[in-house]
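The values are calculated or read from the model by the stated rules, or taken from the named source; none is laboratory data. Computed from a prediction, not measured in an experiment: that's the story for all the values here. With ideal geometry, Cβ positions are generated from the backbone for all residues, glycine too; neighbour counts draw on all protein chains shown.
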Amino acid sequence: MQRDFNLRRLGTLTLDVRCVDVLNTNKTAAVVYGIRELSTDNPARRTFLINLNWKFNEARSNYRGSGAGEKQKARM
């Protein structure tokens, strides 16, 4: 889930929240290499990730959109 907040003069704040394995379906894996060797892997099951980005002092271009540079061409 991602949400953007426009803070006007302060910039833009972006909040990104993610959850890995919501239903807890990740199972333990086991590998048998021989009669007496066993390797198991039990990774973290539910993981929550929060990412917070703040973009400030964004440069605003004067040359965006259609007709970009028309004033400069007219001056020439």
Inset, instruction - Give me a count of the residues in the stretch 1-35 that are more than 12 Å from the chain's Cα centre (by Cα) and basic (Lys, Arg). - result: 3
Legend entry - strands (runs of 3 or more DSSP E) within the chain that include 1 or more residues out of contact with any Pro (no Cβ under 8 Å at 6 or more places or on another chain) and at pLDDT below 80: 12-20, 29-32, 38-41
Inset, instruction - Would you check which residues across the stretch 2-44 are aromatic (Phe, Trp, Tyr) and surrounded by 10 or more Cβ atoms within 10 Å (Cβ to Cβ) and list them? - result: Phe5
